[in-house]
1. Taking a cut-off of 21 Å, what percent of all Cα-Cα pairs in segment 105-177 are separated by more than that?
2. Using the per-residue mean of other Cβ atoms lying within 10 Å as a proxy for protection, in what order, highest first, do the peptides 159-167, 112-120 fall?
3. At a Förster radius of 45 Å, what calculated FRET efficiency corresponds to the Cβ-Cβ distance of residue 90 and residue 269, to the nearest 0.05?
4. Quick check: the distance between the Cα centres of segment 109-175 and segment 260-287, to the nearest angstrom?
5. According to the square roots a ≥ b ≥ c of the eigenvalues of the Cα gyration tensor, what is the shape class of segment 40-99, taking rounded for a/c under 1.5, prolate for a/b larger than b/c otherwise, and oblate for the remainder?
6. Computed FRET efficiency, Cβ-Cβ of residue 238 and residue 145, R0 35 Å: what is it to the nearest 0.05?
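Derivation of every value follows stated rules applied to the coordinates shown; laboratory data play no part. Keep in mind that this is a model prediction, so the values were computed, not measured. All Cβ positions, glycine included, derive from the backbone under ideal geometry; neighbour counts span all protein chains shown.
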């Protein structure tokens, strides 16, 4: 299995459990000053608050990953900014996550075109003092040339009544995804190898046993996919199974990938819902899956 992707994600998620004041990670406090070595300029914020960055040296490739609960979205407000835009400095908020050239949500699943998902402070200035995400994750990229450059941001979380695209903070839990007669695609990404237990699936127009991995699901316009792979872009993950006939009763699938995704495609004609639970696979289960050639793509990509 590709280690760099998993290690990158674990590095970002460490701050969720790191005690205050340890290492270079974000402290859980109302106001924060953080800095990073020039070779490793990554941080993660999973709490609300006001955060100030002051450069002790040039910081040329930095990013802050923002994360909220599945039923929340994030706003980023610029409180004060002291950077030199004319010299090439920038601060950009991205609606989603970017990692290794891949984006979450994918362009297929996000309601905005890609160019509208980037909001650059130097381009928008006072016109866009606040940026709101479409899902529970967002990012801030910044690039400053001069020591002493600084900016202060306020991060807030807001309830999202109909969450669509979600990255899970936990390797275990349960979730119900609902699309209320909207023509859109929604995904729930679990960045761990897990067992998925789909307990309920309804598209509002079928009442039969599940129809899996047979031609016709995509043609129906409403279906659920289970995807797996080692990236965050759902359009680049490989399909494990498709469901397009409603059912009740458990369906268990073990996925030994770095990223396991439940994705719902809706035509907007029906109220669609899928309920599932998930748990982290142990080492023995992963080894068993690795020996199964049907799941080799998780270990070879």
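1. Percentage above 21 Å: 43.
2. Details: 159-167: 18.9, 112-120: 13.6.
So the order, starting with the most tightly packed, is 159-167, 112-120.
3. Numbers: r = 43 Å, r/R0 = 0.95.
The pair residue 90/residue 269 has a calculated efficiency of 0.55.
4. Cα centres, segment 109-175 to segment 260-287: 25 Å.
5. prolate
6. Numbers: r = 42 Å, r/R0 = 1.19.
Given R0 = 35 Å and the Cβ-Cβ separation, E is 0.25.
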